[in-house]
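The values are calculated or read from the model by the stated rules, or taken from the named source; none is laboratory data. Source: prediction; values computed, not measured. Glycine also receives a Cβ, built like all others from the backbone with ideal geometry; neighbour counts cover every protein chain displayed.
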Amino acid sequence: MLNIGNMDRRITIEREAETVSLSGDPRKTWTSVTTVWAEVLQQTASEFFTGYGEAETGTVIFRVRFQPGITTADRVTYDGAAYGLKEIKEIGRRDALELRGEALK
């Protein structure tokens with residue numbers, strides 16, 4: 001069940017767009033799609049081993065009211081950090097979305 005009272009954080013959902021600079025070079029930028037209230041369900045830092053040694057990633061789950069058109073190609077900015085979307089789950093019948101994001105460097 002969706003509890004609107006727990007949605008006390010502001011997040012911005014952004015989408016990558018290609019623009020052309022003054023010199024005519026194509027440039028990729030992130031543009032804001034929407035800014036919404038969200039509930040931060042989980043914020044963890046998990047370590048894992050890579051081929052180059054240890055690395056640390058931060059995973060956050062955001063719960064927002066249903067927003068059509070959000071994909072894993074989008075990202076979320078929250079509290080000064082950007083999170084790439086790894087998974088999107090629909091809750092109920094278009095009641096809400098859970099956005100699982102991984103911190104980008």
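Please verify whether Asp79 is at pLDDT below 95 and within 24 Å of Gly5 (Cα to Cα), treating the condition exactly as stated. For Asp79, the condition - at pLDDT below 95 and within 24 Å of Gly5 (Cα to Cα) - is met.
Only residues that are closer than 20 Å to Trp37 by Cβ, part of a strand (DSSP E or B), out of contact with any Phe, Trp or Tyr (no Cβ under 7 Å at 6 or more places or on another chain) and not hydrophobic (A, V, I, L, M, F, W, C) were counted in segment 56-77, giving 3. Filtering segment 72-91 to residues that are exposed (fewer than 13 other Cβ atoms within 10 Å of the Cβ) and more than 15 Å from Ala103 (Cβ to Cβ) leaves Ala73, Lys89, Glu90. Residues in segment 78-96 that are farther than 14 Å from Val40 by Cβ and assigned to a strand (DSSP E or B): 9 in all.
For first residues located in segment 60-80 and touching a residue at least 40 places away in the same chain (Cβ under 8 Å), partners that are buried (at least 16 other Cβ atoms within 10 Å of the Cβ) and not in a strand (DSSP E or B) and lie 6+ apart or on another chain with Cβ distances below 9 Å form the pairs Arg63/Met7; Val64/Met7; Val64/Ile70; Arg65/Met7.
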